[in-house]
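Only one structure is covered here, and it is reproduced in the block below.
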Amino acid sequence: MWERQCIKKGDKRLLPNRELTTTINNTGREFDITWELTQIEDENKIKHKSLAIVILLRMMIAQVANSSCEICGTRASALLLSSLEEEDDDLHSSVGNVFYPLQPCKRKIRDDPVEVKDDCIASDVLRGVKSANKAALVSDETYSGKDFATWKILSYNVWFREDLEMHKRMKALGDLIQLHSPDLICFQEVTPNIYDIFQQSRWWKAYSCSVSNEMAFTRPYFCMQLSKLPVKAYSCIPFINSAMGRELCVAEVEVKKGMPLIVATSHLESPCPAPPKWDQMYSKERVDQAKEALDILKKNPNAIFCGDMNWNDKSDGQFPLPDGWTDAWAQLKPGENGWTYDTKSNKMLTGNRTLQKRLDRFVCNLHDFKISGIEMIGMEAIQGLSYCKEKKVKKEVQKLVLPVLPSDHYGLVLTICPQ
């Protein structure tokens, strides 16, 4: 006869004398461990089984602690797991060692001073104003009476690693924004501290932002959209199946009168080993999220979905494009690999295991517009900047001096024009 028991946080019950197998399901920060039990006839086995239970639990916790994203290396730290025994949910706001699950960020770090130019926007000018109102304030001034033949959308995973020249990397990224002057921006992996740097940057005042000052300090990292175009609404729709707090962020804009455009972005589930076999890398969740996003967007005549898809064509299969949708890079540059994460060409990542993937993408369904261009940006090292990295080679630790780029990903700029 089978019995089932559930041992949760704080449960001090003694385990009965039962044979067991186990599965583990991580739902948020609580681990629900379900034991499947069979009768043990020999009572002398109880001590051995109790010891086996302790060992098994330690092995499971160690596996969860060591499971890390194959892209950015972030992991569920031992600190995160130990907090299961504590009532205090206050985690360090640096997310370099915590990605799973998302937790509220309750404090703000300033490890370096941020220089603010005299002509930069005052930090409280747009603070507290609703997104739709901010959009009207900014875009009326920027776009009033102007008629453009093309529009640019930037997608960029800015890399939430805060201990590697964060301020200088974000300054370089801002220089790229000023150079390309995108009409819409879709960022992934923005931390509260990165948000603070952006907010005080020279280019910020030209855009409305989907994330308010108050919202920015409730999570360790998030997606964010900015627009020079008039914005009807910003919204975020959580994915049904996400274990990492991932969501679809949507900006409804009006490019020209009577020409609406929906631009959505996301950071799909990260490829981190997960139970029960520790080898599926959240592929199913990622595929389902892509399908869910496109299903939400399909009713719109002009829709663009971009961002860090964490897509692996080998394990995830072809991107699930419905009829009428097109992959911008594949359409315009069919002979080029389009690797936006490349440990060979991005010398900042030297020493990491070789990984070359087209993680970041633009997929489009357009009736009033057409895709006229796409380019990769942020591929150059920041001049005069380097950092030291240690790598173990044949039991010896080597110190590498490496260049610094704006991010571990490259950015993508899509250009569209009227049909």
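The values are calculated or read from the model by the stated rules, or taken from the named source; none is laboratory data. Quick caveat, the model's predicted, so the values are computed rather than measured. We place every Cβ from the backbone using ideal geometry, glycine too, and count neighbours over all the protein chains shown.
Worth pointing out:
- Evaluation of Lys333 against (1) of a type outside the set (Phe, Trp, Tyr); (2) touching a residue at least 40 places away in the same chain (Cβ under 8 Å); (3) under 12 Å from Cys364 (Cα atoms) (one fails), failing number: (3)
- Checking each residue in segment 153-178 for being surrounded by fewer than 23 Cβ atoms within 10 Å (Cβ to Cβ) and either among the polar types (S, T, N, Q) or without any contact (Cβ under 8 Å) to a residue 12 or more places away in the chain (or both) picks out Asp175, Gln178.
- Single unsatisfied condition, Gln383 versus (1) at pLDDT 95 or above; (2) among the polar types (S, T, N, Q); (3) in a strand (DSSP E or B): (3)
- Single residue of Glu285, Glu269, Glu292 found to be over 26 Å from Ala233 (Cα atoms), of a type in the set (Asp, Glu) and in the same structural domain as Val190 (by TED's automatic domain parsing): Glu285
- Residues that are farther than 20 Å from Tyr156 by Cα and either among the hydroxyl-bearing types (Ser, Thr, Tyr) or part of a strand (DSSP E or B) (or both), drawn from segment 239-248: Ser242
- Scanning segment 398-419 for residues that are part of a strand (DSSP E or B) and either without any contact (Cβ under 8 Å) to a residue 24 or more places away in the chain or farther than 23 Å from Thr265 by Cα (or both) turns up Gln398, Lys399, Leu400, Val401, Leu402, Pro403.
- Looking across segment 293-346 at every residue that is in a loop (DSSP other than H, G, I, E, B) and of a type in the set (Phe, Trp, Tyr), the one that is farthest from the chain's Cα centre (by Cα) is identified as Trp325.
- Selection from segment 133-174 of residues that are at pLDDT 95 or above, of a type outside the set (Val, Ile, Thr) and in a loop (DSSP other than H, G, I, E, B): Trp159, Phe160, Arg161, Glu162, Asp163, Leu164, Glu165
- In segment 332-352, the condition of being of a type in the set (A, V, I, L, M, F, W, C), more than 30 Å from Leu385 (Cα to Cα) and crowded, with 19+ Cβ neighbours inside 10 Å is met by no residue.
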